[in-house]
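Here is the structure we will look at.
The values are calculated or read from the model by the stated rules, or taken from the named source; none is laboratory data. Note that the structure is predicted; figures quoted are calculated from it, not measured. Here the Cβ is made from the backbone with ideal geometry for all residues, glycine too, and neighbour counts use every protein chain on show. Note: areas computed on protein heavy atoms with side chains; ligands, DNA, RNA excluded. Shrake-Rupley method; radii C 1.70, N 1.55, O 1.52, S 1.80 Å.
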Amino acid sequence: MSRILIAEDEPGIASFLEKGLNAAGHTTMVVEDGLSAASAARDRDFDLLILDLGLPGMNGNEALAEMRARGERMPVIILTARTGVADTVAGLEGGADDYVTKPFSFEELLARVRVQLRDPGSAEPPELSAGDVVLDLRTRKASVGGREVELSAREFVLAETLLRHPGQVLSRQQLLSNVWGYDFDPGSNVVDVYVGYLRRKLGKGLIETVRGMGYRLVDD
């Protein structure tokens with residue numbers, strides 16, 4: 001179980017991250033400003049920091065600079081609503097290991113967290129499979145019975161989410177948060193639409209509808 005520090009001052013995003021990471025088996029602590037982030041990183045033992053750049057008081061880049069100056073080497077993933085290349089470069093040159101631009105899907109962030117926490121001796125398998133469906137996580141390509149099938153980025157992430165939880169019922173809200181992110185309209189039927197796309201491309205029998213609950217990958 002990994003210990004993750006979340007430095008985020010927007011309550012909705014902080015809650016979204018905390019719930020998702022807890023559900024993925026991590027323990028978390030949330031702070032709301034840069035000074036608290038730098039202090040918590042110094043005084044407590046964490047395996048990773050998720051750091052918003054736009055924090056009040058001491059901003060994310062300043063907090064990161066303070067941490068690196070005193071020799072703290074924990075992996076840092078920065079969150080930014082800033083799309084300018086200069087902001088991203090500043091964060092990476094300041095010692096960040098990766099970055100995610102808001103808005104983001106939880107599955108995207110979780111994949112980046114896995115990379116930063118990965119034990120070099122136990123690398124994640126390069127493929128996920130169910131029946132004759134194979135997802136190549138390195139090339140982000142899908143195949144059915146050895147025949148390549150073209151999936152959009154959202155379709156691939158939805159398929160990946162289902163294949164990572166074989167036999168488990170995932171609610172529409174879980175899938176919406178994991179694939180489309182924290183700021184997507186909860187009343188949208190986009191999950192149902194994309195499940196339909198995957199059924200047409202990967203096979204009708206792969207994804208089962210569990211009435212009133214959500215969807216489940218059929219695990220043979």
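Relative contact order, percent, of region 1-97 when contacts are C-alpha pairs under 8 Å separated by at least 6 residues?
Values: 159 pairs, mean separation 26.7, N = 97.
For region 1-97, the relative contact order is 28 percent.
For Tyr99, Tyr194, Tyr215, give the ranking by accessible area with the largest first, probe 1.4 Å. Walk me through the numbers on the way to the answer.
Details: Tyr99 80, Tyr194 50, Tyr215 10 Å².
The ordering from most to least exposed comes out as Tyr99, Tyr194, Tyr215.
Are there any trypsin sites (Lys or Arg not before Pro) in region 97-174 that are in a DSSP loop and have at most 12 other Cβ atoms within 10 Å? List them by number.
Numbers: sites: Arg112, Arg114, Arg118, Arg138, Arg140, Lys141, Arg147, Arg154, Arg164, Arg172; in loops: Arg118, Arg138, Arg140, Arg164.
When the trypsin sites (Lys or Arg not before Pro) of region 97-174 are filtered for loop state and at most 12 Cβ neighbours within 10 Å, Arg118, Arg138, Arg140 remain.
Can you say what percent of the DSSP beta bridges in the chain, counting only those with both residues inside, are antiparallel? Round to 5.
Numbers: 17 of 34 bridges.
The answer is about 50 percent antiparallel.
Over the chain, with a Gaussian network built from C-alpha contacts below 10 Å, which listed residue (Leu17, Leu79, Leu198) shows the highest mean-square fluctuation?
Top of the fluctuation ranking is Leu198.
Given a 1.4 angstrom probe, I'd like the percentage of the accessible area of the chain that is carbon and sulfur, rounded to a whole number.
Values: 5330 of 10950 Å².
The value for the chain is 49 percent carbon and sulfur by accessible area.
Using the Cα centre as the reference, give the magnitude of the dipole from point charges on the C-beta atoms of the chain (Lys, Arg: +1; Asp, Glu: -1; all else neutral), rounded to the nearest 20 debye. Numbers along the way, then the final one.
Values: 25 positive and 34 negative charges, 141 e Å.
Here the size comes out at about 680 debye.
With every protein chain present, what accessible area does Ile207 have (1.4 Å probe, heavy atoms only), rounded to the nearest 10 Å²?
The value for Ile207 is about 10 Å².
Could you rank Glu150, Glu208, Glu8 by how accessible they are, 1.4 Å probe, largest area first?
Numbers: Glu150 155, Glu208 75, Glu8 0 Å².
Highest to lowest solvent-accessible surface, that is Glu150, Glu208, Glu8.
Just read off the accessible area of His165 with the full protein assembly in place, 1.4 Å probe, to the nearest 10 Å².
60
How high is the relative contact order of the chain, in percent, counting Cα pairs under 8 Å that sit 6 or more residues apart? Please report the intermediate quantities before stating the final value.
On the way: 348 pairs, mean separation 31.3, N = 220.
Relative CO of the chain lands at 14 percent.
Label region 153-220 by shape, choosing from rounded, prolate and oblate, from the square roots a ≥ b ≥ c of the eigenvalues of the Cα gyration tensor; if a/c is under 1.5 it is rounded, and otherwise prolate applies when a/b is larger than b/c, oblate when it is not. Intermediate results must be reported in sequence, preceding the final value.
Working: a/c = 1.57, a/b = 1.39, b/c = 1.13.
Note, shape of region 153-220 comes out prolate.
Under 20 Å between alpha carbons, and skipping anything fewer than 8 positions from Lys204 in its own chain: which aspartates and glutamates qualify?
Asp132, Glu148, Glu150, Glu155, Glu160, Asp192, Asp219, Asp220
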